[in-house]
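Structure first, then comments.
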Amino acid sequence: MALPSDFNSALATVEQMGILNEDPQTIENRLALSVQHAALSTGQRDMSDLGIGDWTLGVIRRLKLAIHREICDPEKKTIKEDYKSLLDMGLSNQGITAVSVVVTGVVSAINPAFAVSNVVIFLSIWVLKRGLAHLCSDPV
């Protein structure tokens, strides 16, 4: 799956702002705001609705579960062979980009409106900060 056209510049901005040093919860908060922005930009959701927080959490939960299904072997509770090379890349530019390719495909299958750089990048960083091996051994 192709990354969004502004992916490289968005990732460079994230790196310059020091976002890679933030804790997973802060990254997840940034992800939530990015999902809301993507929904607003595409007319998917009316932000005046007071249920936006619950809706956003539901979207993020679906995205995380879909990524879990894609990269994890449910019987072994470990990362699938196809994705083991991602373990060695870590939270580097190369690692974020590699995970983002997988994430973009998963997100696009759920809702292409969310396959934008910020959503993809923050979700990929969250996955990497959580740890690919840990992600597969524990429920999302």
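Contact annotation: residue pairs with Cβ atoms under 7 Å, 6 or more positions apart or on different chains, pairing a residue in the range 55-79 that is touching a residue at least 12 places away in the same chain (Cβ under 8 Å) with a partner that is exposed (fewer than 15 other Cβ atoms within 10 Å of the Cβ) and aliphatic (A, V, I, L, M), are THR78/ALA133; ILE79/LEU87; ILE79/ALA133.
Filtered by the rule that a residue be modelled with pLDDT of 80 or more and either in contact with a Leu (Cβ under 6 Å, 6 or more places away or on another chain) or surrounded by 18 or more Cβ atoms within 10 Å (Cβ to Cβ) (or both), the range 33-50 gives SER34, VAL35, GLN36, ALA38, ALA39. Entry remark, the range 78-122: residues being under 29 Å from SER41 (Cα atoms) and either buried (at least 21 other Cβ atoms within 10 Å of the Cβ) or touching a strand residue (DSSP E or B) at 6+ places or on another chain (Cβ under 6 Å) (or both) number 16 in total. Residues in the range 73-102 that are in a helix (DSSP H, G or I) and farther than 23 Å from ALA12 by Cβ: GLU81, ASP82, TYR83, LYS84, SER85, LEU87. Scan the range 103-140 for residues that are on the phi < 0 side of the Ramachandran plot and in a loop (DSSP other than H, G, I, E, B) and the total you get is 6.
The values are calculated or read from the model by the stated rules, or taken from the named source; none is laboratory data. Computed from a predicted structure; not experimentally measured. Positions of Cβ are generated from backbone atoms using ideal geometry, with glycine treated the same way; all protein chains shown enter the neighbour counts.
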